[in-house]
Structures are given as C-alpha cells and as structure tokens.
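Remarks on the structure that follows.
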Amino acid sequence: MSNFITHINFWVVLGFIGQFLFGSRFFIQWIVSEKRGESVIPEVFWYLSMAGSVILFTYAIYRRDPVFIMGQCSGLFIYARNIMLIYKKKRLLAVATGEGINLPKTAAE
C-alpha cells in the first residue's frame with residue numbers, strides 16, 4: 001500500500017509542477033508587459049509553455065485522459081514552432097550584425 005501511495009503522490013506532484021510552470025507563463029507575460037507598457041510575449045513564455053506542456057502531457061498519458069492528451073499534444077507543436085522561429089530570428093540577426101556563432105577552429109585553420 002505504501003508504494004502505491006508514493007506512486008500516486010509522485011504523479012500528483014508532477015502534475016502540479018507542470019501546472020505551475022504552465023500557469024506561471026501568464027504571470028511572466030503580464031509582468032514583462034507592464035514593465036514595457038505594451039503587450040509583449042517574452043521568450044521565456046515559450047519555454048515555460050513547452051516545459052509545462054511536456055510535463056502535463058506526460059501526466060495526461062499516465063491518467064489516460066484523451067481530452068487532456070489532445071489539448072497538451074496540440075500545444076506542443078505550437079510552442080516548439082515558436083521556439084524555432086525565435087532561434088531563426090536570432091541566427092539572422094547574428095549574421096546581419098556580424099556576430100555569428102563562434103565555432104571552434106579546425107586543425108586546417
């Protein structure tokens with residue numbers, strides 16, 4: 001019985017962690033927007049979305065809840081795509097400003 005309770009508590013704690021990460025993104029977005037005086041979505045919003053969603057998706061699979069699974073699964077693609085777009089923009093800006101990414105030199109150089 002003790003192992004069962006520990007197992008259940010693990011999943012409940014994991015679910016709350018996922019929910020906390022996922023929910024905290026709105027507070028971060030609100031704070032950043034208030035500081036800037038305009039509505040913005042900071043980069044960290046997407047990382048919190050992704051982390052919270054992955055954890056909640058895992059929890060939903062454990063719970064075998066198809067509605068919850070579908071909701072978290074579809075969001076994962078959106079969060080991943082936004083992170084990809086952020087990196088693409090950073091790469092383009094780095095190239096445009098001549099900063100680039102410092103790669104280790106090869107023996108031929």
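The values are calculated or read from the model by the stated rules, or taken from the named source; none is laboratory data. All values derive from a computational prediction rather than experimental measurement. FYI the Cβ positions are ideal-geometry reconstructions off the backbone, even for glycines, and counts take in every protein chain you see.
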Assess whether Val12 counts as being within 23 Å of Lys88 (Cα to Cα) and either surrounded by 12 or more Cβ atoms within 10 Å (Cβ to Cβ) or over 12 Å from the mean Cα position of the chain (by Cα) (or both).
-> no
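Answer yes if at least one residue in the range 23-34 is more than 15 Å from the chain's Cα centre (by Cα), modelled with pLDDT of 95 or more, more than 27 Å from Met84 (Cβ to Cβ) and surrounded by fewer than 16 Cβ atoms within 10 Å (Cβ to Cβ), and no otherwise.
Looking through the range 23-34, at least one residue is more than 15 Å from the chain's Cα centre (by Cα), modelled with pLDDT of 95 or more, more than 27 Å from Met84 (Cβ to Cβ) and surrounded by fewer than 16 Cβ atoms within 10 Å (Cβ to Cβ).
Would you check which residues across the range 44-59 are surrounded by 14 or more Cβ atoms within 10 Å (Cβ to Cβ), of a type outside the set (S, T, N, Q) and under 21 Å from Ile83 (Cβ atoms) and list them?
Phe45, Trp46, Tyr47, Leu48, Met50, Ala51, Gly52, Val54, Ile55, Leu56, Phe57
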Filtered residue count, the range 18-49, keeping only those that are over 17 Å from Phe68 (Cβ atoms) and in contact with a Leu (Cβ under 8 Å, 6 or more places away or on another chain) | 4
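Each row is one residue, and each column tells you yes or no for (1) more than 22 Å from Gln29 (Cβ to Cβ); (2) of a type in the set (D, E, K, R).
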site: Glu43; (1), (2): no, yes
site: Ile55; (1), (2): no, no
site: Ile78; (1), (2): no, no
site: Ile83; (1), (2): no, no
site: Lys90; (1), (2): no, yes
site: Ala94; (1), (2): yes, no
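For every residue, the table says whether it meets (1) surrounded by fewer than 10 Cβ atoms within 10 Å (Cβ to Cβ); (2) over 20 Å from the mean Cα position of the chain (by Cα); (3) modelled with pLDDT under 90; (4) within 30 Å of Asn9 (Cβ to Cβ).
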site	(1), (2), (3), (4)
Phe68	no, no, no, yes
Gln72	no, no, no, yes
Ile78	no, no, no, no
Ile86	no, no, no, no
Ala96	yes, yes, yes, no
Leu103	yes, yes, yes, no
